[in-house]
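Only one structure is covered here, and it is reproduced in the block below.
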Amino acid sequence: MQLSLVGINHRTAPVAIREKAAIRTGKLDDSLSRLGRYVDHGIILSTCNRTEVYTTDGDGRRNEEGSLDFLKTHLETSDTDLSQYTYILKDKEAVAHLFQTTCGLDSMIIGEYEVLGQVGQALESAERIKMTNLPLRQLFQGAIRTGRRVREETGISKNALSVSSVAVDMATRVVGDLAKCRMLVIGAGEAGRLVAKAAKDRGVASILIASRTQERAAMLTEALGGTPISLGNLAGEMHTCDIIVTCADAPHWIVSADHVAAAMKLRSGSPMVIIDIAVPRNVEPAVAEIDNVYLYNIDGLIQISDQNHQQREGEIEKAVEIIMNEIAEFNAWWQMLEVRPVVSALMKKAEEIRRAQLDKTLKKLGSLSEEDHKSLEAMTKSIVTKILREPVRYLKANGDSNGSAEMVRELFRLPGEKPK
Ligand SMILES: NC(=O)c1ccc[n+]([C@@H]2O[C@H](COP(=O)([O-])OP(=O)(O)OC[C@H]3O[C@@H](n4cnc5c(N)ncnc54)[C@H](OP(=O)(O)O)[C@@H]3O)[C@@H](O)[C@H]2O)c1
């Protein structure tokens, strides 16, 4: 059995590529059904930092090719174009990657909480579409348990930053003082809520929240203060804002260069900072060329996230220790899973031989005392156990990584097939 991971993430691909690979939460089930045309079992993890496909089954190579074909079709691109952005990890490396990712160590913002929930959603969705099998389920559950442990037992997520709060920090760096600024937040989901909260905590002068569903924006402003507006009203309000943070989960641009150019004409040369943390992006990239407009996307937050990484170095070490222990436990389980059928077949065959030989001998010996009978049973059992102890220990310790389970199956002519 092999585990394969084929992915694209914030280290290997810019947001312009990641946004094409990103699968929005509502589309995950459909995408898993499409993945099912290429592989038997798989889980897709798609966040603003990454889109990854995890697969297990007997034939790792077929799964890798299946995952790559799925991504190629999803991105509408060729093999060559895709290969420059993808990474492929196998078995223990793939396990380690998922565990680290779930603990927030592979995120742009170290220790962020969101990825833990997203890993849970990825598993739930794959269960719903019946794309999981025992190893994948165990793998993701193990990663989620480890993610929770790391957050509870280390300070990695203490006062955790989020992409949203880093976006507000970035805006503060550019404008200097939020107390003189009016901010527009586009998107009233989780990211929008975190942006609005961070802006309020840092003393923004006033805030507008725009959402496709205006009631959702109204609920947020009720809780945090500010004014709700509809997306249709953006053009009328944009020029009044010094900072715009966009975080709507739309598959298209919401803020066009024409929108911003028109707004800037009304701002008498006053600058505007736009931070687009949505993936796919909400702001047309050409906006960056408009005078006095400072446009940043999620990749532009890297500098602040690097500082956050340095500050959490000690906690990262503690997290890594927990992760290593949990990975060792999972790997031991996985190896055991691989060799379990061979070990049971071996024990069964040995017991059958012992029983048959003992019965033959007992017949020849005629009547024996109960005590002698028990002694013969115990002695033959002990011989079998002692002979098998080392081979079984070896199989449990090494799994089938070097083909030893198959070798044992052949040597002892055991029934059954290679485990899937
Ligand atoms: N959550 C995070 O911490 C985080 C971190 C980094 C980046 N992001 C990015 O931020 C974006 C939003 O994430 P989220 O977690 O806040 O999602 P969410 O909780 O599902 O909220 C989605 C928001 O987007 C709006 N929306 C959805 N489809 C839309 C469309 N077609 N046109 C206009 N608005 C639409 C929703 O409006 P309705 O109320 O009408 O549905 C809602 O306001 C995503 O691109 C995500 O990658 C999020």
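Values quoted throughout were computed directly from the atomic coordinates according to the rules given, and no laboratory measurement underlies them. Predicted, not measured: the structure shown is a model, and the values here were computed from it. Quick reminder, even Gly has a Cβ in these numbers, built from the backbone with ideal geometry, and neighbours come from all protein chains shown.
Tabulated data
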read-out	value
Relative contact order (%) - criterion: Cα under 8 Å, at least six apart; region: the chain	14 percent
Radius ratio Rg over Rh of the stretch 163-301, counting only Cα atoms, Kirkwood formula for Rh	0.91
Three-way shape call for the stretch 1-54 based on the alpha-carbon gyration tensor, with the a/c threshold at 1.5	oblate
Within-15-Å neighbourhood charge of residue 321 [Cβ basis; K, R +1; D, E -1]	-3
Proxy reagent accessibility, fewest Cβ within 10 Å first, across 340, 11	11, 340
Net length gained if the chain between residue 390 and residue 344 were fully extended (0.36 nm per residue, minus Cα distance)	15.1 nm
Estimated FRET transfer efficiency (residue 406, residue 80; beta-carbon r; R0 41 Å; 0.05)	0.65
Cross-link reach list, lysines versus residue 360, counting only Cα pairs under 17 Å and skipping chain neighbours closer than eight places	349, 374, 381
The stretch 227-277-the stretch 278-308 distance, computed between alpha-carbon centres (Å)	14 Å
Extension gain from residue 352 to residue 374, taking 0.36 nm per residue of separation minus the Cα-Cα distance	6.1 nm
Formal net charge of residues neighbouring residue 213 (Cβ-Cβ distance under 15 Å; K, R +1; D, E -1)	-1
Total lysine pairs under 25 Å (Cα atoms) in the stretch 118-230, excluding pairs fewer than 8 apart on one chain	4
Sites residue 336 and residue 88 - FRET efficiency at Förster radius 22 Å, r taken between beta-carbons, to 0.05	0.30
Point-to-point label distance, residue 30-residue 173, nm (Cα→Cβ direction, 7 Å offset)	3.7 nm
Ranked list, fewest to most other Cβ atoms within 10 Å of each Cβ, for 299, 169, 276, 79	79, 299, 169, 276
Under 17 Å from residue 386, Cα to Cα: aspartates and glutamates that are on another chain or at least 8 residues apart	351, 352, 377
Neighbour-count order for 206, 162, fewest beta carbons within 10 angstrom listed first	206, 162
